[in-house]
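Have a look at the structure below before the remarks.
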Amino acid sequence: MSTFQELGLNDDLLHAITDLGFEKPSEVQEKAIPILLNSETDLVALAQTGTGKTAAFGFPMLAKIDVNSRTTQGLILSPTRELCLQITNEMKQYGKYCKGLNVVAIYGGSSITDQAREVKRGAQIIVATPGRMKDMISRRLVDISKIQYSVLDEADEMLNMGFKEDITDILSHTPEDKNTWLFSATMPREVARIAKKFMDNPQEITVGNKNESTSNVTHEYYLVNSRDRYQALKRLADANPDIFSVVFCRTKRDTQKVAENLIEDGYSAGALHGDLSQNQRDLVMQSFRKNQIQMLVATDVAARGIDVDDITHVINYQLPDEIETYTHRSGRTGRAGKNGISMVIVSKSEVRKIKSIERIIKREFEKKEVPDGMEICEVQLMSLANKIHNTEVNHEIDKYLTSINEMFEETSKEELIKKFFSVEFTRFYNYYQKSKNLNVAEGSRDREGGREGGRDFGGNSNSTRYFINVGEKDGFDWMKLKDFLKDQLQLGRDDVFKVEVKESFSFFNTENETKDKVLAFFTDFKHEGRFVNVEVSENRGGGRRNDRRGGGGRRDDKRGGGRRSDDRKGGSGSRSDRRRSNEGGGSSRRSDSDSGGGKFAGARRSRR
Ligand code: AMP
């Protein structure tokens, strides 16, 4: 293991590193810094967030730019405003002894005039989100025609978020001979394509394996009935009294509901999703950063760029539609050398996805049991005992002690301890004493259609599943189809989900509210000269659906062919697999309004 000095960094940077308390380079820094310092090269680096990648490109960029010039020499593109601000902040810290350095952040939702003024002062390095950057270029508020170094940070996320065209446009305003450094946690085809298109013989480094999760994160899954999902979430939180977590839901609506219910049930929780204003999101993030919120319930898109180092748990309340996204989720914990746990709450119909994720992250999941009520009571009791043991006495209470002592004059120490702890313990005990076992045995039958009063905010009843007669043959993969639908229907990224592309047809879901809009839009719609039909999928994966909307011959033909051959070819398993996935659409009659957690409120609120 080398030191930062051995990597060849200059004194100004080493001085800042000492101030920051970084003792030794992380793996990505050790690999990237010497390459970037010593050669003028393009680079593709596969590294998760939290591995120290900002410094891996930041130090070399700072070492190479000329701070005496006011020309913009380095451009860092990042997917979100949050991340953009974090990178800017880190760069300023790394470069605090580089006299004359001006690093400017450019991002949407904030005054463009102020940002332009900052740039005009002479920004050697610009850190930007693609949308705002493109806007500023077109208004001639920035000049990136002389940059020497460009960084595409979290390239997979940027492409995921639909920034491909913006990036292409931005890079077309930069010189041919600049160096491009691409950092990505995963390497889907799209990223490889970008690397090929914009880079010249890039050197490659990988930290861990491609798409692999960081080694200090353990992965666990909990198999429950869908209707018990919310109860399971609460138990996982209760069994970890010091939890500081991000809880991932699939849609904005589920995110909001889960957060609201957690709050109602006495947990310190907050929601983070795209329907909130920027100001609301900032406030939630601020509270989370200050540890005032223990459970941040978030959508994948909104959680991008969350860069909080001490997250103890990531909880996948629902698995993401695209399993690659799991890598990003789990990468929110186990950062900066700390250990983390990524938990997945799964129902029987989703459990097969665990195996696929294992293949992607090259790590095994441990199947764990949702703790029973008495285990939780014990954990809570011992946690309280521990806290009391470690609490420093506040002498402000001395003045009240005389009357308290008088009150307990006759009580023995043993009795006093029992009484004291019973105050807390009884709340949990009363709530949990009759609690049921939430675990489902792997081989048992799925009872997801039940109506026992649990709440599954990720349930299927709020969404509609559609059949669409385009597929791989038409050049779509899930990402392209998702983007296509989102763009055509003018929906947000979170609003189109469970996209599943077969050879000649596909499936996708939207919230029920959007159903009329979706169906109306596709009544007379042509794509590349061909009619595109969308219908509600009838939850019968076998394809015995009657075609009700004419023109069905073509569709039926293709679907018939797809059913027999596509499934096998696509590797998506048996016909019954497909039936299950089609059933994602909305047959459930579960009620979202059942209240499952009210009783617990008293118990939980006592926790601080
Ligand atoms: P990043 O992957 O750039 O988001 O970095 C994650 C966190 O690790 C940030 O808070 C950095 O300040 C911190 N960090 C980066 N490099 C090191 C290092 N060599 N030693 C300790 N912490 C680091």
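The values are calculated or read from the model by the stated rules, or taken from the named source; none is laboratory data. Bear in mind the structure is a predicted one, so any value in this text is a computation, not a measurement. Neighbour counts run over all protein chains shown; Cβ positions are idealised from the backbone, glycine included. Side chains included, ligands, DNA and RNA excluded: accessible areas come from the protein's heavy atoms. Shrake-Rupley method; radii C 1.70, N 1.55, O 1.52, S 1.80 Å.
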Output for Cβ contacts, cut-off 6 Å, separation at least six or different chains, first residue basic (K, R) in the stretch 229-243, second open to solvent by less than 10 Å² (accessible area, probe 1.4 Å) and modelled with pLDDT under 95, reads R229/D456; R235/V370
Whether any residue in the stretch 137-145 is under 15 Å from L77 (Cβ atoms) and hydroxyl-bearing (S, T, Y) is what I want to check. no
Given the options E260, E204, name the one that is under 30 Å from D42 (Cβ atoms) and either among the charged types (D, E, K, R) or in the same structural domain as T514 (by TED's automatic domain parsing) (or both). E204
If we scan the stretch 277-300, do we find a residue that is within 16 Å of the ligand (Cβ to nearest atom) and touching a helix residue (DSSP H, G or I) at 6+ places or on another chain (Cβ under 8 Å)? yes
Residues of the stretch 482-500 classified as surrounded by 19 or more Cβ atoms within 10 Å (Cβ to Cβ) and either assigned by TED's automatic domain parsing to the domain that holds E322 or among the aliphatic types (A, V, I, L, M) (or both), total: 3
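Kindly establish whether K64 is open to solvent by 10 Å² or more (accessible area, probe 1.4 Å), of a type in the set (K, R) and either in contact with an Asp or Glu (Cβ under 6 Å, 6 or more places away or on another chain) or on the phi > 0 side of the Ramachandran plot (or both).
Judged against the criteria, K64 is not a match.
Residue by residue, here is whether (1) open to solvent by less than 10 Å² (accessible area, probe 1.4 Å); (2) touching a helix residue (DSSP H, G or I) at 6+ places or on another chain (Cβ under 9 Å) holds:
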{"position": "I167", "(1), (2)": "yes, yes"}
{"position": "T206", "(1), (2)": "no, yes"}
{"position": "N216", "(1), (2)": "no, no"}
{"position": "R227", "(1), (2)": "yes, no"}
{"position": "L233", "(1), (2)": "yes, yes"}
{"position": "V246", "(1), (2)": "yes, yes"}
{"position": "T251", "(1), (2)": "yes, yes"}
Being closer than 21 Å to R253 by Cβ, in contact (Cβ under 8 Å) with a residue 60 or more places away in the chain and crowded, with 21+ Cβ neighbours inside 10 Å is the filter here, so list the residues in the stretch 501-531 that pass it. F507, N509
Mind telling me which of the residues A45, A63 ends up being more than 9 Å from the ligand (Cβ to nearest atom) and in a helix (DSSP H, G or I)? A63
Check whether at least one residue in the stretch 369-386 is open to solvent by 60 Å² or more (accessible area, probe 1.4 Å), within 29 Å of the chain's Cα centre (by Cα), closer than 30 Å to L319 by Cβ and at pLDDT 90 or above, and report yes or no. yes
Quick check on this structure: which one of A55, A45 is touching a Phe, Trp or Tyr at 6+ places or on another chain (Cβ under 7 Å), more than 16 Å from M91 (Cβ to Cβ) and not aromatic (F, W, Y)? A45
Applying the selection to the stretch 1-24, what residues are within 12 Å of the ligand (Cβ to nearest atom), in a loop (DSSP other than H, G, I, E, B) and over 23 Å from S150 (Cβ atoms)? M1, S2, T3, F4, G21, F22, E23, K24
Which is open to solvent by less than 10 Å² (accessible area, probe 1.4 Å) and within 13 Å of the ligand (Cβ to nearest atom), of G58, G52? G58
Quick one: would you say S287 is under 22 Å from D494 (Cα atoms), among the polar types (S, T, N, Q) and in contact with a strand residue (DSSP E or B) (Cβ under 7 Å, 6 or more places away or on another chain)? no
Can we say K96 is touching a helix residue (DSSP H, G or I) at 6+ places or on another chain (Cβ under 6 Å), open to solvent by 10 Å² or more (accessible area, probe 1.4 Å) and within 16 Å of the ligand (Cβ to nearest atom)? yes
